[in-house]
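Here it is, the structure, as structure tokens.
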Amino acid sequence: MTARTIETDVCIIGSGITAAMVAEKLAEQRGRRILVVEAGDEMPGPNQWYDLRRRYLDYGESPWPRDHLDDMIADGPMQSRSMCVGGLAMHWGGVTPRFSPEDFKTKSLCGVGEDWPISYEDLDPFYQEAEVRMGVAGEQGPRDLDPRGKPFPLPKLPLSWNLQKLQAWMAGAGIPMWSQPSAKNSVPYQGRSACCRNDTCFPICPVGAKYSPDHSWRKLRSANRVTLLPRTLVRRLSLAAGSDRIESAQAVQRDRPNDPLTIRARTFVLAAGYTWSAHLLLVSATSRFPDGLANRNGLVGKYLTGHRNVGGYISLPIRLYAGINEQHSLVSKHFMRTPRYDRYLRHDLRVWESSVGKEPRLKDDAGKLLLGDEIMADWRERTRTGTARIRAYYDVIPARDSELTLDPSRKNAYGDPLPKLSFRDSDTSRELRAWSEERIRELFDRVAKAGNGRVIRVASDAFQDHPGGGCRMGTTAATGVVDSFGRSFDHENLFVVGAPTMVSGSCANGTLTFCALSLRSATAMG
Amino acid sequence: MPLPVRIPRRSFVGWLGAIAASIGLGARVRAHAAPAEVAGADPTAGTAQGASLDAAMLARLAESVLPGELGADGAAKAARDFARFATSYRSNAEQLHPYGSARIGFTGESPVPRWRGQLDALQREARAKHARGFAAITAAQRRDLVRAALATERTDRMPDPMAASHVALALVAWYFGTPDATDLCYGARIQKNQCRPLVNSPKEPEPLARRRARSSGADEGEPPATDAGGGDAAARRAAGGAA
């Protein structure tokens with residue numbers, strides 16, 4: 001056994017999208033040594049993407065094989081098993097709405113949940129910065145619904161033929177909708193191609209038009225601005241003697257499991273997502289921090305947050321061509337900004353083209369088996385009209401015991417206890433849930449009727465999407481694990497960035513907000 | 001009868017393992033992996049089966065169960081492409097893992113050996129009923145044999161081709177899932193899942209008839225429209241500049 005030590009200025013734990021944002025920003029100041037530590041493997045490079053996509057389309061094979069570790073698994077509703085260079089954002093859909101100003105002050109405006117210690121206005125420049133770094137293509141929505149300090153860096157993704165028809169339908173229902181902002185190049189950008197509608201943004205863009213963190217890593221590594229250690233699991237953070245400063249990270253490299261690695265740094269940045277960030281703090285308990293690091297107030301792992309959705313399909317008497325650009329959508333913040341209901345309910349609204357109900361089928365309505373020309377004739381008849389997919393995310397106010405805890409009965413390969421996830425609504429959200437979902441269903445019925453259509457089906461998803469929390473920010477050490485910059489109240493040289501720091505999950509995809517928060521955190525990493 | 005409804009992405013991937021198990025595909029699912037990595041195991045390292053399917057039988061089958069407007073040449077091409085698709089399948093390849101679940105799934109055994117047996121059975125049935133081989137009987141007679149073979153098929157939805165219970169069903173499901181089939185249905189050049197210029201997205205897809213009437217194969221700036229490989233080639237070129 002050979003003990004080894006690496007000295008660096010900044011140690012970033014995790015290599016997903018928030019780590020990439022922080023590393024890019026810090027690397028712009030020369031002279032700072034940045035080490036990125038990733039437990040998972042390197043992922044295939046761009047020259048393999050097209051073949052990987054082909055096998056995904058043909059056989060459902062993962063385009064990112066071995067993007068997880070078999071023994072790093074949480075009990076409970078994990079967003080994803082991804083643990084690899086680039087993280088979950090290797091197969092995200094690239095959808096990048098901002099939260100709305102109300103998300104940051106639900107308590108003072110609506111009397112529910114908690115206000116964040118920062119406002120939308122505080123975050124606006126960092127939203128802009130994240131949009132520039134990733135290359136977000138977007139369209140300015142109505143100013144009262146879609147406030148922003150500067151224009152999008154890239155022109156919007158054009159509305160397809162289908163989306164133009166659907167936009168007109170929704171306008172007729174009194175709901176303004178516009179092109180969903182997306183981290184997909186509408187024009188070539190930063191050496192990456194423009195989108196060419198391959199329509200597999202999730203899980204893989206074969207041409208690199210969608211931003212994914214590996215683009216940043218390739219750029220930073222080739223310029224020797226960062227060192228990235230893959231296949232290296234940080235098992236513990238350790239304190240300096242007689243101090244609350246983090247002195248080192250204790251790691252194990254999977255290729256050298258018998259040679260423990262110590263990483264010493266001036267600043268530690270925990271960028272390991274909502275599960276593994278809180279997990280590392282909890283497993284790093286010491287005699288002075290018996291409940292885990294950064295956890296004097298007992299809030300590490302608490303207030304896990306996210307949003308649920310109600311989704312449906314609406315048959316419309318409109319000729320649509322399924323397949324023009326299925327992953328791009330319309331979006332509206334009509335129900336996120338101005339109160340539209342007599343009780344607390346805020347939700348986004350998105351509309352896509354869809355082939356649901358318009359796909360070829362094997363049997364007709366009478367149950368007769370169809371073959372060849374019969375299938376085609378049946379299919380043609382049913383595609384004279386179109387289908388819209390519609391979905392509303394509504395926000396869920398988390399309970400304190402919406403939490404990540406350690407499960408001592410389940411351990412990883414190194415004997416460390418694994419996490420257990422339990423998402424729980426606050427009393428307010430629990431009381432509102434059925435009512436909220438019913439209002440959204442009524443909305444779907446209303447817009448269907450406005451277009452002389454009908455709802456084919458509608459369903460609510462119990463899973464909380466775009467999860468965050470577990471190391472939430474607060475104004476004081478009594479209310480948060482970290483301050484508004486992600487700095488731990490208990491350890492001055494420890495930052496937690498991105499999703500774990502969120503106070504609440506809003507009702508829109510969270511990744512852009514995770515990135516904006518991370519970039520704001522980076523300004524405090526001296 | 002319920003409409004064929006596509007399962008939303010997040011639900012789909014979450015249920016993938018359960019569905020695969022229920023339809024007997026043989027896809028394996030590990031709900032909770034052993035608490036240690038399997039040294040050296042690479043689930044994607046499975047090799048393509050390589051087992052061939054009788055090309056002549058497949059061509060006759062394609063003529064029987066695919067749209068007549070493809071013509072004999074189109075059906076023969078579809079049969080060849082399907083055979084290549086089927087024999088390129090790999091067992092034990094890691095499947096896309098789900099959101100909201102810890103399951104990791106792997107592709108199951110190849111159905112090709114079973115399908116080969118089913119082609120043999122169709123041949124035997126043809127001889128038994130018509131005293132001639134499958135290739136020598138009429139298309140209507142072939143379709144009757146296929147209908148008899150699929151008489152117990154319960155679903156009204158197109159199956160995942162590699163999970164199809166019968167080779168005829170697999171061929172049908174595979175073909176009707178292709179971009180070409182969609183274009184034929186709509187009579188328009190949509191070319192779903194192909195690399196297509198973003199600038200054309202707002203336009204109504206061009207009618208197929210006009211497309212075919214042109215001597216040139218492609219609009220300016222568009223990938224070649226000869227077959228699915230045209231879009232693939234364009235995507236490969238674009239990917240070359242992605243790094």
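The values are calculated or read from the model by the stated rules, or taken from the named source; none is laboratory data. Predicted, not measured: the structure shown is a model, and the values here were computed from it. Methodologically, a virtual Cβ is constructed for each residue, glycine included, from the backbone with ideal geometry; neighbour enumeration extends over all protein chains shown. We work out accessible area using only protein heavy atoms, side chains counted, and drop any ligands, DNA or RNA first. Shrake-Rupley method; radii C 1.70, N 1.55, O 1.52, S 1.80 Å.
What do you get for chymotrypsin sites (Phe, Trp or Tyr not before Pro) in the stretch A:386-436 restricted to DSSP loop and a cutoff of at most 14 other Cβ within 10 Å of the site's Cβ?
A:Tyr414
Taking H placed 1.01 Å from N in the peptide plane, check which residues at least 5 places from A:Asn198 or on another chain put their amide H under 5 Å from its amide H.
HN-HN under 5 Å from A:Asn198: B:Arg196.
Let me ask another. Need the C-alpha centroid separation for the stretch A:355-404 versus the stretch B:115-149, integer Å.
34 Å
If you don't mind, there's one more thing I want to ask. What's the carbon and sulfur percent of the stretch B:67-124's accessible surface, probe 1.4 angstrom, rounded to a whole number?
Here carbon and sulfur together make up 47 percent of the probe-accessible area.
In the structure displayed, which of A:Lys25/A:Lys150; A:Lys184/A:Lys420; A:Lys333/A:Lys449; A:Lys105/A:Lys449; A:Lys105/A:Lys156 lie more than 26 Å apart, Cα to Cα?
Beyond 26 Å: A:Lys184/A:Lys420; A:Lys105/A:Lys449; A:Lys105/A:Lys156.
Over 18 Å, how big is the tail of the calculated P(r) for the stretch A:50-185, in percent of all Cα pairs?
Considering the stretch A:50-185, 70 percent of its Cα-Cα pairs are separated by more than 18 Å.
Express as a percent, rounded to the nearest 5, the fraction of DSSP beta bridges in the protein assembly as shown (both residues included) that run antiparallel.
The answer is about 75 percent antiparallel.
Order the peptides A:505-512, A:219-226 from the highest to the lowest mean number of other Cβ atoms within 10 Å of their residues.
A:505-512, A:219-226
Pop out the carbon and sulfur fraction of the accessible area of the stretch A:160-260 as a percent, whole number, probe 1.4 Å.
Result for the stretch A:160-260: 50 percent of the exposed heavy-atom area is carbon or sulfur.
Can you give me the angle between helix A:161-172 and the longest principal axis of chain A, using Cα atoms only, in degrees from 0 to 90, rounded to the nearest 10?
On a 0 to 90 degree scale, this one is about 80.
How large is ³J(HN,Hα), in whole Hz, for each residue of the stretch A:452-460 in order, when computed from phi with the Karplus curve 6.51 cos²θ - 1.76 cosθ + 1.60 and θ = phi - 60°, using x for Gly and Pro?
So the Karplus estimates, Gly and Pro as x, are 6, x, 8, 6, 6, 6, 8, 8, 9 Hz.
Restricting attention to chain A, give the cysteines that have no other cysteine Cβ less than 4.7 angstrom from their Cβ.
A:Cys11, A:Cys84, A:Cys110, A:Cys195, A:Cys201, A:Cys205, A:Cys471, A:Cys507, A:Cys515
If you don't mind, there's one more thing I want to ask. Need one number: nm distance between label points at A:Glu374 and A:Thr338, each 7 Å from Cα along Cα→Cβ, rounded to one decimal.
5.4 nm
Compare the Cα positions of A:Thr200, B:Ser88, B:Phe106 along the charge dipole of the protein assembly as shown (+1 at Cβ of Lys, Arg; -1 at Cβ of Asp, Glu; about the Cα centre) and return the one farthest towards the positive end.
Checking the options against the dipole of the protein assembly as shown, the answer is B:Ser88.
Considering all alpha-carbon pairs of the stretch A:141-220, what whole percent are spaced by more than 15 angstrom?
That tail contains 65 percent of the Cα-Cα pairs.
Select from the stretch A:132-177 those trypsin sites (Lys or Arg not before Pro) which occupy a DSSP coil region and have at most 11 other Cβ atoms within 10 Å, ordered by residue number.
Answer in residue order: A:Arg143.
Could you work out how far the C-alpha centroid of the stretch B:69-96 sits from that of the stretch B:186-205, in angstrom?
23 Å
List residues of the stretch A:75-94, by number, whose backbone nitrogen lies under 11 Å from a label position 7 Å along Cα→C-beta of A:Asp407.
In the stretch A:75-94, the label zone of A:Asp407 (backbone N under 11 Å from the point 7 Å along Cα→Cβ) covers A:75-78.
Find the centroid of the Cα atoms in the stretch A:74-107 and in the stretch A:443-505, then give the distance between the two in whole Å.
With the stretch A:74-107 and the stretch A:443-505 each reduced to a Cα centre, they are spaced 8 Å.
Rounded if a/c is under 1.5, else prolate if a/b beats b/c, else oblate: with a ≥ b ≥ c from the C-alpha gyration tensor eigenvalues square-rooted, which is the stretch A:194-234?
Oblate is the answer for the stretch A:194-234, as a/c is 1.5 or above yet b/c matches or exceeds a/b.
Pick out, in residue order, every one of the chymotrypsin sites (Phe, Trp or Tyr not before Pro) in the stretch A:278-363 that is DSSP loop and has at most 16 other C-beta atoms within 10 Å; say none if there are none.
Of the chymotrypsin sites (Phe, Trp or Tyr not before Pro), the ones in loops of the stretch A:278-363 whose Cβ has at most 16 other Cβ atoms within 10 Å are A:Tyr341.
Here's something else I'd like to know. Roughly speaking, what % of Cα-Cα pairs in the stretch A:300-397 are separated by over 23 Å, rounded to a whole number?
The proportion of pairs with Cα distances above 23 Å equals 47 percent.
If you take each beta carbon of peptide A:203-212 and count the beta carbons of other chains within 10 angstrom, what is the mean?
Going residue by residue through A:203-212 and averaging, the value is 4.
Dipole magnitude of the protein assembly as shown about its Cα centre, charges +1 at Lys/Arg Cβ and -1 at Asp/Glu Cβ only, in debye to the nearest 20?
Taking the Cα centre of the protein assembly as shown as origin, the dipole is about 880 debye.
Compute the Rg/Rh shape ratio of chain A: radius of gyration over Kirkwood radius, all on alpha-carbon atoms.
Taking Rh as the inverse mean 1/r over Cα pairs, Rg/Rh reads 0.98.
Let me ask another. Sorting A:Asp465, A:Asp365, A:Asp58, B:Asp180 by accessible area (1.4 Å probe), largest first, what list results?
Correct descending sequence by accessible area is A:Asp365, B:Asp180, A:Asp58, A:Asp465.
Applying 1/(1 + (r/R0)^6) with R0 = 51 Å to the Cβ-Cβ distance of B:Lys203 and A:Ser119, what FRET efficiency is obtained, to the nearest 0.05?
0.75
Compute the Cα gyration tensor for the stretch A:161-313, then decide on rounded, prolate or oblate, letting a ≥ b ≥ c be the square roots of its eigenvalues: rounded whenever a/c is under 1.5, prolate when a/b is larger than b/c in the other cases, and oblate in all that remain.
It comes out oblate by the Cα gyration axes.
Expressed as a whole percentage, what fraction of the accessible surface of the stretch A:406-503 belongs to carbon and sulfur atoms when a 1.4 Å probe is rolled over the protein heavy atoms?
On the stretch A:406-503, the fraction of accessible area on carbon and sulfur atoms equals 48 percent.
Given the -39500 (n - 2.57) contribution per DSSP H run of 4+ residues, what per-residue ellipticity at 222 nm results for chain A, rounded to the nearest 500 deg cm²/dmol?
Helix-only estimate at 222 nm: -7000 deg cm²/dmol.
If you don't mind, another one. Please turn the phi angles of the stretch B:166-172 into ³J(HN,Hα) values with the Karplus equation 6.51 cos²θ - 1.76 cosθ + 1.60 (θ = phi - 60°), one per residue in order, whole Hz, x for glycine and proline.
Couplings: 9, 4, 5, 5, 4, 5, 4 Hz.
Hey, another quick one. Taking each residue of A:73-81 in turn, how many C-beta atoms of other protein chains fall within 10 Å of its C-beta, and what is the average?
Shielding by partners across A:73-81 averages 5.
At the nearest 100 Å², what buried accessible area, both sides summed, do you get for A and B when the probe is 1.4 Å?
Buried: approximately 7800 Å² between B and A.
From the residues A:Pro181, A:Tyr127, A:Tyr313, which one has its Cα farthest along the dipole of the protein assembly as shown in the positive direction, the dipole being from +1 and -1 charges on Cβ of Lys/Arg and Asp/Glu about the Cα centre?
A:Tyr313
I've got another one for you. Could you derive backbone 3J(HN,Hα) for the stretch A:227-236 from the dihedral phi with the Karplus parameters 6.51, -1.76 and 1.60 (θ = phi - 60°), listing whole Hz in sequence and x where the residue is Gly or Pro?
With coefficients 6.51, -1.76 and 1.60, one gets 10, 10, 9, x, 6, 10, 9, 7, 9, 8 Hz.
From the Cα gyration tensor of the stretch A:109-245, with a ≥ b ≥ c the square roots of its eigenvalues, which class applies: rounded if a/c is under 1.5, or else prolate if a/b is larger than b/c, or else oblate?
Oblate, since a/c reaches 1.5 and b/c is not below a/b.
Average partner chain C-beta neighbours within 10 Å, per residue of A:368-378?
The mean count of partner-chain Cβ atoms within 10 Å per residue comes to 6.
Measuring with a 1.4 Å probe in the full set of protein chains, what accessible area per residue, in whole Å², belongs to the protein assembly as shown?
With all protein chains present, the protein assembly as shown gives 36 Å² per residue.
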